[in-house]
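So the structure is just underneath, and the comments pick up after that.
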Amino acid sequence: MDTKVKYINLKTGIVLLAILLLTRLADQLPWWIFIVPVLITGIVITWRKWPVNCFWVGFLSGFIAWTSASIYFHLRSDGRLLDRFGILAGMIIVAGSGLVGGLMTGLALYTGKSITTNREAHLTL
Amino acid sequence: MIALIILTYALAMSFFGMPPLGKFLDPFIGVVQNEAADSSLKGISKYSVTAPVNVFYDNRGVPHIFAENTEDLYFAQGYVTASLRLWQMDFISYAAAGRLSEIVNEGLLDYDRTQRRIGMLESAKSALALMQQDTTTINAIRAYTKGVNAYISQLGYRQWPLEYKVLNYPPEPWTELKTVLVMKNMGNMLSGYEEDFNMTNLMLLMGEQQFNKYFPGIVPDISPIVKEKGGRPNPALAFEKKPTYLNSAFVSSGTLLNANTWNPQLGSNSWVLSGKKTKTGYPILCNDPHLNFSMPAIWLEMQLSAPGMNVYGVCVPGSPAVIIGFNEHIAWGITNGCDDVKDWYKLKITNDYRKYEMDGQWINLPYRIEVIKRRNRAPFYDTVYQTIQGPVVYSGSFTGSNGTHANHALRWSLHIPSNEVLTYIKLNRAQNYQDYRDAIKNYSCPVLNFSYADKAGNIAVNHQGAIAVKWPGQGRFVLDGTTREHLYTANIPSDSLPQEHNPADGILFSANQHPTDNNYPYYYNGYYAENRANRIRQLLEHTDSANVQSMMKMQLDNVSYFSAETLPVLLQYMQGRQLSVQGQRALDSMQHWKATYTLNDNMALLYNLWWKRIKDYTWDEFHSFSFQSRVPDDHILLAMLRHEPDNDYFDQQLSNVHEDAGDVVYAAFKDAIELRDSIAAKRGGPQWGNYNQVSMGHMLNISKLGVRKQPSAGAPDAIDAVSATWGPSWRMIVQLGERPQAWGIYPGGESGNPGSRYYDNFVTDWNKGSYYPLQFFISATEAGKNTTRKWILK
């Protein structure tokens, strides 16, 4: 992978992180609303013909965003709730949260990209 | 695209009783948001208070609410209570109404049906209708309801209490009915016991003489709440004649079964000392109600202040006012009255449930349909029949845990519409003995013993509630539902209920013992416990110049009056018995045991096992009855050990030789030694605390959210009645004076949020026997100076 591709992937990741955090500032919107801007980003990627490895970049961004947000909220508060359930249960919650965030972001980005690149192509991961 | 939709949908749904994973794990709104120690909502505005209300939080998280008028005060109480305990109070209202099927997928339909059929929801509705006629009451409940709803309206999923997220249902608006349901739930907890079926079987099996010997009413060694002056002995209180209707034709014996869910030691202590018994010359009031422990805790501590009232104490989440507490003038406490207020009537009903027999005529059997909504399923429609006695709890295919209660009507004082909320509202404002009398005079269910003290020096105790006028034996056994003669219609007048005011010796106490001696003119029965009362009397009689410290010591007293009485009798039987070296050593140590159930006591466990074995051996006959039965009270066995060593009950049914009391005591001791050793090996020593471990389970049985197995001092018979899952749920001591001084503690914490530091922060101190000084502020200014955290509701 050359430097330019790496750079584009990284840039996409940062954009995604920003989207993931900013969409969640409003309490009123449904929790899954972030997939809409992520999907649009996927469309933009095709349009601009960026060489982005969509699912994995999306997954990684989602995983990082949700995991670190979970850890942040745990640490910012007294963190007594997860502590009650022990370190293992806490890790499962945090990792599970990362998995949910990652899967949804990755799939949304990939979907956004694939619906515009090749309408005939079958959706596969 | 399809994969994305499926994934999002899957994460938004709930499967296998799990919360929907997407929302639940979302760091921005999900479970990690419940880690926040305190509600993120503060500085509330736009609410319907007429003047700003100040809520000061002290260092233990106790709210001190200062309002400009009563309605704002109850609004703020509702708001603040919801912010601390919303899920708990809401859940209790569901449980009381028989609505748990709405929030839990399955398994609770029978529970809900039972709640509806015993009339919880129905009686809450009729009680509310009564309360709506009293302006003071309904205004308070209405304001409280508005306050709770003001809080709920601010909540998004992110702020939902954890339990809502786990069970995945939204908080519903609070209603006036929910407040009444919470009060009825308390009533059910305290007056829900009865043993009519068991006593019926025993009376028929044993006959009048034997029955009265083993299951007597009033016995000699008791310390009643009130000693009747100048009365004549009422023979019905000492000896229960077999009612003439009660014969084998009435009940076909042999199949009756009684589910035994009651804990007869679920009781409480309260005592008051007049000024002449205290150091300061002002009265002291002490109260520690014993209840089943739960997390979040049963009680919520609070100060409520508005013009004309400034009160501090504990509240029940879901109801306005303070339930146990004090103000600048008076202090009051409560213990369970323990009277039998729940009776069963055997009916004759036609096969099609259209008619039932009454005084030789067949009259229509009315019914109502209870709609029980179910989560993810069609509603369940239940038919509940209603006779003039009360609801037919078990009928047709719904026979409950046992078939014997089928087609019996339940008559229960909880069904009579009454206004308990007003009693507490008035007590909160009471300034003197007249106000106190006025507050409690209409109080009806459950029967409670109110203790009272004021700064003018008065002390009082009242056994207060709706207690029916009954003929001797009425309601102790199953009644005949086919005749009006078995209905009771009047209550004992308030003036004639057991009560005492400023006695000469300066002490009054209640601990679930008999309310009177046998000079009381009315017949009554109940499920009383005498040992704690006897111990309290013993200690108070020798108390002079009492102060707060000596009262704390007394509330934490771990001596069992009964064990102390029994031990010498048992030891006498052990003289000259052959024992192993180890057994002899244990017996020698036992000689010096002072019946103390302290944390590190080495003998208490052995003694307890010993006594339990003696009971098992003695009452083995009771296990061979065709019906399930409780055994006679411990003091009956003690009397037998003292006076009737050859009583036939001591003889083992399955052995070939004839045993007497000595043989039983000896065999039990040897067994107990073995048992003690095996328990000690498992639990790391024979110390009492290793065995007496107290737990406070979360209301949803999520073990990590509860407090588990803390070694603890205390015993059911001791004043400090700590046991595995129940005990002193609020210890309070109030020293009246120019300014009241008070101490208190409860096992739990102010917050219902398991993520909060205030969730269980009192538990360790409570278990150690510590008390917190209760910060009673005279004014908002004073409260402001002594607290650091503040909310303003405007």
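The values are calculated or read from the model by the stated rules, or taken from the named source; none is laboratory data. Please read these numbers as outputs of a predicted model, since none were measured by experiment. In this analysis, Cβ positions are derived from the backbone assuming ideal geometry, glycine residues included, and neighbour counts consider all displayed protein chains.
Computed values, structure above
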| quantity | calculated |
| --- | --- |
| Residue, modelled with the highest pLDDT, within region B:546-581, restricted to residues that are of a type in the set (D, E, K, R) and not in a helix (DSSP H, G or I) | B:D557 |
| Some residue of region B:157-170 being assigned to a loop (DSSP other than H, G, I, E, B), over 26 Å from the mean Cα position of the chain (by Cα) and on the phi > 0 side of the Ramachandran plot | yes |
| Residue list for region B:148-188, filter: at pLDDT 95 or above, crowded, with 22+ Cβ neighbours inside 10 Å and farther than 26 Å from B:G465 by Cβ | B:V148, B:W174 |
| Only listed residue being surrounded by 13 or more Cβ atoms within 10 Å (Cβ to Cβ), at pLDDT below 95 and under 30 Å from B:T516 (Cβ atoms), chosen from B:D382, B:D343 | B:D343 |
| B:N692 in contact with a strand residue (DSSP E or B) (Cβ under 8 Å, 6 or more places away or on another chain) and either away from chain A (no Cβ under 14 Å) or surrounded by fewer than 20 Cβ atoms within 10 Å (Cβ to Cβ) (or both) | yes |
| Residues (surrounded by fewer than 20 Cβ atoms within 10 Å (Cβ to Cβ) and at the interface with another protein chain (Cβ under 10 Å from one of its Cβ atoms)) located in region A:9-23 | A:L21, A:T23 |
| Condition met for B:A661 (over 28 Å from B:A511 (Cβ atoms), small (G, A, S) and buried (at least 18 other Cβ atoms within 10 Å of the Cβ)) | yes |
| Members of region A:47-60 found to be in a helix (DSSP H, G or I) and either surrounded by fewer than 18 Cβ atoms within 10 Å (Cβ to Cβ) or within 14 Å of another protein chain (Cβ to nearest Cβ) (or both), listed by number | A:W47, A:R48, A:C54, A:F55, A:W56, A:G58, A:F59 |
| Any pair with Cβ under 8 angstrom, 6 or more apart, that starts in region B:224-236 at a residue that is polar (S, T, N, Q) and ends at one that is not in a loop (DSSP other than H, G, I, E, B) | B:N234/B:Y523 |
| Exclusive hit being closer than 28 Å to A:T41 by Cβ and either modelled with pLDDT under 85 or at the interface with chain B (Cβ under 8 Å from one of its Cβ atoms) (or both), set A:G96, A:G102, A:G79 | A:G96 |
| Test set (1) over 20 Å from B:A306 (Cα atoms); (2) surrounded by fewer than 21 Cβ atoms within 10 Å (Cβ to Cβ) - B:A124 fails condition number | (2) |
| Lone unmet requirement of (1) at pLDDT 95 or above; (2) touching a His at 6+ places or on another chain (Cβ under 7 Å) for B:G333 | (2) |
| Single residue of region B:751-791 satisfying the filter (of a type in the set (V, I, T) and out of contact with any strand residue (DSSP E or B) (no Cβ under 6 Å at 6 or more places or on another chain)) that is surrounded by the fewest Cβ atoms within 10 Å (Cβ to Cβ) | B:T788 |
| Residues within region B:186-205 that are over 30 Å from B:M89 (Cβ atoms) and in contact with a helix residue (DSSP H, G or I) (Cβ under 7 Å, 6 or more places away or on another chain), tallied | 3 |
| Matching entry among B:D505, B:D495 (being free of Cβ contacts under 8 Å to residues at least 12 places away in the same chain, out of contact with any strand residue (DSSP E or B) (no Cβ under 9 Å at 6 or more places or on another chain), among the charged types (D, E, K, R) and surrounded by fewer than 20 Cβ atoms within 10 Å (Cβ to Cβ)) | B:D495 |
| Hey, B:S451 among the polar types (S, T, N, Q), without any contact (Cβ under 8 Å) to a residue 12 or more places away in the chain and over 29 Å from B:K242 (Cα atoms) or not | no |
| B:D765 vs. criteria at pLDDT below 95 and over 30 Å from B:K146 (Cβ atoms) | no |
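Each row is one residue, and each column tells you yes or no for (1) over 29 Å from the mean Cα position of the chain (by Cα); (2) more than 30 Å from B:N419 (Cβ to Cβ); (3) among the basic types (K, R); (4) in a helix (DSSP H, G or I).
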position	(1), (2), (3), (4)
B:M189	no, no, no, yes
B:M206	yes, yes, no, yes
B:Q209	yes, yes, no, yes
B:I218	no, yes, no, no
B:S223	no, yes, no, no
B:E240	no, yes, no, no
